[in-house]
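Beneath this line is the structure, given in structure tokens, with notes to follow.
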Amino acid sequence: MDISFYGANALALNTKTAKILVDPVSSVGMSTAKADILALTHEQEVKVKEDQLVISTPGEYEAKLVTFKGIAARAHMDEEGKKTATMYRIDIPEARIGITGHIHPDLSDEQLEALGTLDVLIVPVGGNGYTLDAEGAARVARAVEPKVIIPTHYAQSDVKYEVPQAELQQFLDEIGAPVEEQEKYKIKGDFPDQLTIITLKRADKA
């Protein structure tokens, strides 16, 4: 499996059997045409073909030898008591991957139990009232205790946001873990012995 990052919270997860797009947005050059599965952490408009599976709500799903668990969560801008966001745990033979989306940083014991033990956590870090900031993202990461963190949704010169996002370095300083930059993250089933942050260069197109 490999993971590519397109800017914002848009990612492509390519397994041996499926192409999965997470929060695809055309503004970062992401087409949904070749995807098998679309996983949305919040309400958004996407172009969908008849043979594509769209996951956007809590529940358990299985397709193309990939298992998904959608977990209801309070979105970062939700009032207390509301849960309009969906986090995901994605299981493939090589890894257990968690994707938070734009959530409130305080996770319940029930939510943490649903996420379970994760190898990789993908979490936005840009803050400024729109999504998790460095401190909130770090709080989530420390509660989940993954082996690898992939940060998303931070300031990039070639990505336009409705709300300006903080620099990635704020999150890196907050966590204080080793950092590796890669074109895409290739998962082969082995993970670092200590928590590692993988920063991904922005891919051109899906």
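Taking Glu60, is it acidic (Asp, Glu), farther than 24 Å from Glu145 by Cβ and free of Cβ contacts under 8 Å to residues at least 60 places away in the same chain? Quick ask: steps written out before the conclusion?
Numbers: acidic (Asp, Glu): yes; farther than 24 Å from Glu145 by Cβ: no; free of Cβ contacts under 8 Å to residues at least 60 places away in the same chain: yes.
No, not satisfied.
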> Quick one: Arg89 ticks every box in (1) touching a Ser or Thr at 6+ places or on another chain (Cβ under 9 Å); (2) under 23 Å from Asp204 (Cβ atoms); (3) part of a strand (DSSP E or B); (4) touching a residue at least 24 places away in the same chain (Cβ under 8 Å) bar one, so which box is it?
Replying inline: (2)
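How many residues, within the stretch 185-204, are of a type outside the set (Val, Ile, Thr) and touching a Phe, Trp or Tyr at 6+ places or on another chain (Cβ under 8 Å)? Lay out the reasoning, then the answer.
First pass over the stretch 185-204, keeping only residues of a type outside the set (Val, Ile, Thr): 185-186, 188-195, 200-204.
With touching a Phe, Trp or Tyr at 6+ places or on another chain (Cβ under 8 Å) added as a condition, the list becomes 200-203.
Number of matching residues: 4.
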> Which condition number in (1) in contact with an Asp or Glu (Cβ under 8 Å, 6 or more places away or on another chain); (2) within 23 Å of Leu13 (Cβ to Cβ) is the one that Pro192 fails?
Replying inline: (1)
> Are there any pairs, at least 6 apart or on different chains, whose C-beta atoms fall under 9 Å, with the first in the stretch 143-170 and among the aromatic types (Phe, Trp, Tyr) and the second in a loop (DSSP other than H, G, I, E, B) and surrounded by fewer than 20 Cβ atoms within 10 Å (Cβ to Cβ), and if so, which?
Replying inline: Tyr154/Ala166; Tyr154/Glu167; Tyr161/Asn128; Tyr161/Tyr130; Tyr161/Ala155
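Looking at Leu121, Leu107, Leu112, can you tell me which residue is assigned to a strand (DSSP E or B) and under 17 Å from Gly70 (Cβ atoms)? Give the steps one after another, and end with the answer.
On the way: Leu107 fails: assigned to a strand (DSSP E or B); Leu112 fails: assigned to a strand (DSSP E or B).
The match here is Leu121.
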>> Quick test of your reading of the structure: Pro178 fulfils all but one of (1) in contact with a Ser or Thr (Cβ under 6 Å, 6 or more places away or on another chain); (2) closer than 21 Å to Leu40 by Cβ. Name the failing condition by number.
In response: (2)
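Could you pull out the residue among Asp78, Asp119 that is in contact with a His (Cβ under 9 Å, 6 or more places away or on another chain) and within 25 Å of Arg139 (Cα to Cα)? Break it down into steps so the answer makes sense when it comes.
On the way: Asp119 fails: in contact with a His (Cβ under 9 Å, 6 or more places away or on another chain).
Being in contact with a His (Cβ under 9 Å, 6 or more places away or on another chain) and within 25 Å of Arg139 (Cα to Cα) holds for just one of Asp78, Asp119, which is Asp78.
Quick one: would you say Lys186 is in contact (Cβ under 8 Å) with a residue 24 or more places away in the chain, farther than 21 Å from Gly29 by Cα, among the basic types (Lys, Arg) and touching a strand residue (DSSP E or B) at 6+ places or on another chain (Cβ under 8 Å)?
Values: in contact (Cβ under 8 Å) with a residue 24 or more places away in the chain: yes; farther than 21 Å from Gly29 by Cα: yes; among the basic types (Lys, Arg): yes; touching a strand residue (DSSP E or B) at 6+ places or on another chain (Cβ under 8 Å): yes.
It is true that Lys186 is in contact (Cβ under 8 Å) with a residue 24 or more places away in the chain, farther than 21 Å from Gly29 by Cα, among the basic types (Lys, Arg) and touching a strand residue (DSSP E or B) at 6+ places or on another chain (Cβ under 8 Å).
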> Taking the stretch 55-86 as the search range and keeping residues that are part of a strand (DSSP E or B) and among the aliphatic types (A, V, I, L, M), which one is surrounded by the most Cβ atoms within 10 Å (Cβ to Cβ)?
Replying inline: Ala73
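Readers should treat all values here as calculations from the given coordinates under stated rules, not as data from a laboratory. Worth saying up front: this structure is predicted, and the values here are computed from it rather than measured. All Cβ positions, glycine included, derive from the backbone under ideal geometry; neighbour counts span all protein chains shown.
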